[in-house]
Amino acid sequence: MRKYGFIFSFLVIPVILYAIFVISPYLQAFYISLTNWRGISANPQFIGFENFTRLLGDDVFWAAVRHHAVLLVAMPLITIAIALFFSFLLNVGGGSKSGKMAGVRGSKFYRVVYFFPQVLAVAVVGVLFQAIYRPDNTGVLNGLLDLVGLGPVGWLIDTNLALWSIMGVIIWQGVGFYVVLFSAGMAAIPSEVFEAAALDGAGRFRLFFSITLPLIWDTIQVGWVYLGIAAFDAFALVQVLSVDRGGPDNATTVLPLEIWRTAFTFSKFGYASAMGVALFFLTITFAALSLRVTRRERIEV
C-alpha cells in the first residue's frame, strides 16, 4: 500500500496539471462549438449542432479538408523517403570500414547540414522562402530559370502550384528531424547484422530493403504519425507564405488558418470551435488508423 501511495504522490500533480491545461480546454471547446458565442457575451446561446450542420455546406471548410488530404498523403511519403535515403547513406552507405559498417565520407558534417533547417524559426523560414519564391526574376528560383531562358513561375500565385510549393517548404524544414530519428533507429541495429549480410553478398539495395527497413519499422511508424499530425497543422507557413492568407482563391487554406480567421477576424467563436472539434476528430482518427494499418510483428535482433 505504501508503494502505491508513493507512486500516487508523483502522479497526482502532473495529472491535475494535464486536466487543467489540456482536458479542460478541450471540454470548453466542445461546449462552445454548441453555441453561437461571439467572444463577448458571458452567456452564449446554446444552438445544439447547428454549427456542425453549417460545416457540411461550407465550401471553404471542405477545400481546407481536401488540402489536408493532399498533405496527409504526399508529405509523409516524400519526407520519409528522403529521410530514409539520407539516414541510410549517413549510417550504412559507406560500406564496411575496419570491419564495421560506416556512413559516407563526411557523414558527421552532413548530419549538421540536414538538421540545420529544423532549428530555424518558422517565421524565418517563411521570410526566406518568400525571397526564394518571389514571382518576378528577383526571386531565387525564377532567377535561375531566367538564366536558362525560361519564364518566371508564379510559385505562390498559381492555384495549381501554391499548395505544392508550401508543402516543399514544410518538407525541407522537417526532413532533418526524421534523418536524426531514423539514424538513431539504424544505430540501434547491431553492426554484426549488416556485416553478416555484406559477407553473404548483399548489396546496398538489399541491405536497405531486407535488413534496415524491417528493423526500423517501429521508428518509421512513429515518424508517419508525427508527419500525419503535422499535415493537419501547417498554419504558420501557410499564414506567412500564402497569398491573402490561404489564397489564391483558397488554394492553400487549411483548417487551423480557417479556425483562426473565423474566430479572430469574424468573431464567430462558436463556429470556429466547431471547426476545431472537427479537426480534433480528424487527427485522432488518422493516428488510430495509422497505428492499426501499419502495425506488424516486431523483429528482434
Take residue 291 and tell me if it is at pLDDT below 90, surrounded by 12 or more Cβ atoms within 10 Å (Cβ to Cβ) and either touching a Phe, Trp or Tyr at 6+ places or on another chain (Cβ under 8 Å) or under 30 Å from residue 193 (Cβ atoms) (or both). yes
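The rows are residues; the columns are (1) without any contact (Cβ under 8 Å) to a residue 40 or more places away in the chain; (2) within 19 Å of residue 68 (Cα to Cα); (3) touching a His at 6+ places or on another chain (Cβ under 9 Å); (4) open to solvent by less than 40 Å² (accessible area, probe 1.4 Å).
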residue: 220; (1), (2), (3), (4): no, no, no, yes
residue: 231; (1), (2), (3), (4): no, yes, yes, yes
residue: 255; (1), (2), (3), (4): no, yes, yes, yes
residue: 274; (1), (2), (3), (4): no, yes, no, yes
residue: 285; (1), (2), (3), (4): yes, yes, no, no
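Can we say residue 110 is among the aromatic types (Phe, Trp, Tyr) and open to solvent by less than 70 Å² (accessible area, probe 1.4 Å)? Outline the logic, then answer.
Details: among the aromatic types (Phe, Trp, Tyr): yes; open to solvent by less than 70 Å² (accessible area, probe 1.4 Å): no.
No; evaluated as a whole, the condition is false for this residue.
Looking at 208, 280, 264, can you tell me which residue is out of contact with any Pro (no Cβ under 9 Å at 6 or more places or on another chain) and free of Cβ contacts under 8 Å to residues at least 60 places away in the same chain? I'd like the intermediate steps shown before the answer.
Numbers: 208 fails: free of Cβ contacts under 8 Å to residues at least 60 places away in the same chain; 280 fails: free of Cβ contacts under 8 Å to residues at least 60 places away in the same chain.
Only one candidate passes the filter, namely 264.
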Residue that is in a helix (DSSP H, G or I), under 30 Å from residue 203 (Cβ atoms) and out of contact with any helix residue (DSSP H, G or I) (no Cβ under 7 Å at 6 or more places or on another chain), where the choices are 128, 89, 144: 89
Here are the criteria: (1) hydroxyl-bearing (Ser, Thr, Tyr); (2) open to solvent by less than 90 Å² (accessible area, probe 1.4 Å); (3) assigned to a helix (DSSP H, G or I). Tell me which single one residue 31 does not satisfy. (2)
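In the stretch 1-30, how many are closer than 23 Å to residue 265 by Cβ and without any contact (Cβ under 8 Å) to a residue 60 or more places away in the chain? First the steps, then the outcome.
Here is the first cut: in the stretch 1-30, the ones closer than 23 Å to residue 265 by Cβ are 25, 28-30.
Filter once more, keeping what is without any contact (Cβ under 8 Å) to a residue 60 or more places away in the chain: 25, 28.
Residues meeting the conditions: 2.
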May I ask you to list pairs of residues, at least six apart or on different chains, whose Cβ atoms are under 6 Å apart, with the first in the stretch 176-198 being more than 21 Å from residue 83 (Cα to Cα) and the second being buried (at least 18 other Cβ atoms within 10 Å of the Cβ)? 197/207; 197/211
Output the residue which, of all residues in the stretch 74-104 that are in contact with a Ser or Thr (Cβ under 6 Å, 6 or more places away or on another chain) and at pLDDT below 75, is most open to solvent (accessible area, probe 1.4 Å). 100
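Would you call residue 61 in a helix (DSSP H, G or I) and open to solvent by less than 40 Å² (accessible area, probe 1.4 Å)? Break it down into steps so the answer makes sense when it comes.
Working: in a helix (DSSP H, G or I): yes; open to solvent by less than 40 Å² (accessible area, probe 1.4 Å): yes.
It is true that residue 61 is in a helix (DSSP H, G or I) and open to solvent by less than 40 Å² (accessible area, probe 1.4 Å).
The values are calculated or read from the model by the stated rules, or taken from the named source; none is laboratory data. Model, not experiment: these values are computed from the prediction. No Cβ is skipped: glycine too gets one built from the backbone with ideal geometry, and neighbour counts run over all protein chains shown. In case anyone asks, the SASA skips ligands and DNA or RNA and just uses the protein heavy atoms, side chains included. Shrake-Rupley method; radii C 1.70, N 1.55, O 1.52, S 1.80 Å.
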